[in-house]
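Asks: Sharing a structure with you now.
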Amino acid sequence: MAWGYNRGVLSAMPRLLSTDFDGTIYDPSEPEPVDLGLLDHFDTARADGAQWVINTGRHLEDVLEVLAALNLGVAPDFIVSVERYIHRRNRRGFEEHAVWNRSCRRDHDALFKQAEAGMERLRRRIADAMPATLSRDEWSPLAIIAKTPEDAETIHRWALEESENVENLCIVRNGHYFRFSHANYSKGTALREIAGLLDLGPERVFAAGDHYNDLPMLEGVHARHVAAPSNAIREVKRVVRQAGGHVSRHRCGRGVLDALQRLQNPSNSIRRK
Ligand SMILES: [Mg+2]
């Protein structure tokens, strides 16, 4: 039987597909950095009225550069950059969701002013204790790259302690990289905002991710259908399972495809090439 995202017996298929980028659909070490079966799936889903969001920690120009180099043949309908800014595709490229992005910048400016002393305290604490790259960038008053996994765990613990002193201050972690953000703006709330623009409830939203910064979209709140590839970190797998989602035996994009195919037909595992 033909299936569709938007019709017939499978009308309950998600209409909004949100995927993290690095480690979830993109693996530059693979000969096929983005799984071709997954791209086919997005193509079919989009022809049936679904929309695709790349929900990433990268900044917009960076994502666009990688997408152009990959020449995927399928473009996302939305890009969430820096885990919080929303951009929607139009005929010329991607335009800002101005209302959301403006509030997001304003709230971050206010928050980071409040957090200044704490960020300086944390910066000194880390600099005195270990080698780590410490900087300030456009998106965070303190951006940290830990040198070792052990250092990353220590930094995570210290950053949590510091964030408790300022309301709405959150840590965003991806591997050894840390930045700070406002609790109201995450991959999860950005996804909720996009679903709202499309008039979709969480039951029509799918999300897949592999790392800490993906957790806000994987808890089953903003997306009812959640998934993680086999290479996801333990905490992501735990959260996805707890939300009733699927942890695939397959890596990266192949794992995301596996999860989407299971939604289509729960008795089916991935169709092998
Ligand atoms: Mg990732």
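Just so you know, all these numbers are worked out from the coordinates, no wet-lab data involved. Since we're looking at a predicted model, the values are computed, not measured. Reconstructed Cβ throughout: ideal geometry from the backbone, glycine too, with neighbour counts over all protein chains shown.
Asks: First measure r as the distance between the Cβ atoms of Leu134 and Ala183, then evaluate 1/(1 + (r/R0)^6) with R0 = 22 Å and state the FRET efficiency to the nearest 0.05.
Replies: The pair Leu134/Ala183 has a calculated efficiency of 0.45.
Asks: Tell me, what is the FRET efficiency for Gln242 and Asp199 to the nearest 0.05, using R0 = 30 angstrom and their Cβ-Cβ distance as r?
Replies: Here the calculated transfer efficiency is 0.60.
Asks: Another one. Jot down the radius of gyration and Dmax of segment 106-182, Cα atoms only, both in angstrom.
Replies: So, for segment 106-182, Rg and Dmax equal 11.4, 35 Å respectively.
Asks: In a shell of Cβ-Cβ distance under 11 Å around Glu30, excluding Glu30 itself, what net charge do Lys and Arg (+1) and Asp and Glu (-1) give?
Replies: Values: positive: Arg251, Arg254; negative: Asp27, Glu32, Asp35.
With Lys, Arg at +1 and Asp, Glu at -1, the net is -1.
Asks: Sorting Lys113, Lys237 on the 10 Å Cβ count, fewest up front, what's the list? Don't jump to the answer; show the numbers that get you there.
Replies: Numbers: Lys113 9, Lys237 18.
Listed from fewest to most nearby Cβ atoms, that is Lys113, Lys237.
Asks: Quick check on the exposure proxy: order Tyr177, Tyr26, Tyr185 from fewest to most C-beta atoms within 10 angstrom.
Replies: Neighbour counts put them in this order, fewest first: Tyr177, Tyr26, Tyr185.
Asks: Same structure again: Skipping prolines and chain starts, which residues have an amide H placed within reach, meaning under 5 Å, of the one on Trp52, given they are 5 or more residues away or on another chain?
Replies: Excluding prolines and chain starts, which carry no amide H, the hits are Leu17, Asp77, Phe78.
Asks: Name the residues of segment 182-223 whose amide N is less than 14 Å from a point 7 angstrom out from the Cα of Arg106 along the C-beta direction?
Replies: none
Asks: Rounded to whole Å, give me the distance from the Cα center of segment 104-128 to that of segment 242-257.
Replies: What the calculation gives is 35 Å, centre to centre.
Asks: Once you list every other residue whose beta carbon is under 13 Å from the beta carbon of Arg46, what net charge do they have if Lys and Arg are +1 and Asp and Glu are -1? Don't skip to the end; give the middle numbers.
Replies: Working: positive: Arg15, Arg89; negative: Asp40, Asp43, Asp48, Asp77.
Computed value for this residue: -2.
Asks: I've got another one for you. Relative contact order for the chain using alpha-carbon pairs under 8 Å, separation at least 6, rounded to a whole percent?
Replies: Numbers: 494 pairs, mean separation 49.7, N = 273.
This gives 18 percent for the chain.
Asks: Let's see if you can work this out: charge +1 on each Lys and Arg Cβ, -1 on each Asp and Glu Cβ, no other charges. What is the dipole magnitude of the chain about its Cα centre, in debye to the nearest 20?
Replies: Details: 37 positive and 38 negative charges, 136 e Å.
Taking the Cα centre of the chain as origin, the dipole is about 660 debye.
Asks: Could you list Met13, Met217, Met130, Met119 in order of exposure, starting from the residue whose Cβ has the fewest other Cβ atoms within 10 Å?
Replies: Met130, Met119, Met13, Met217
Asks: What is the distance in Å between the Cα centres of segment 36-92 and segment 136-159?
Replies: About 28 Å separates the Cα centre of segment 36-92 from the one of segment 136-159.
Asks: Considering only DSSP beta bridges whose two residues both sit in the chain, what percent are antiparallel, to the nearest 5?
Replies: Of the beta bridges lying entirely in the chain, close to 55 percent run antiparallel.
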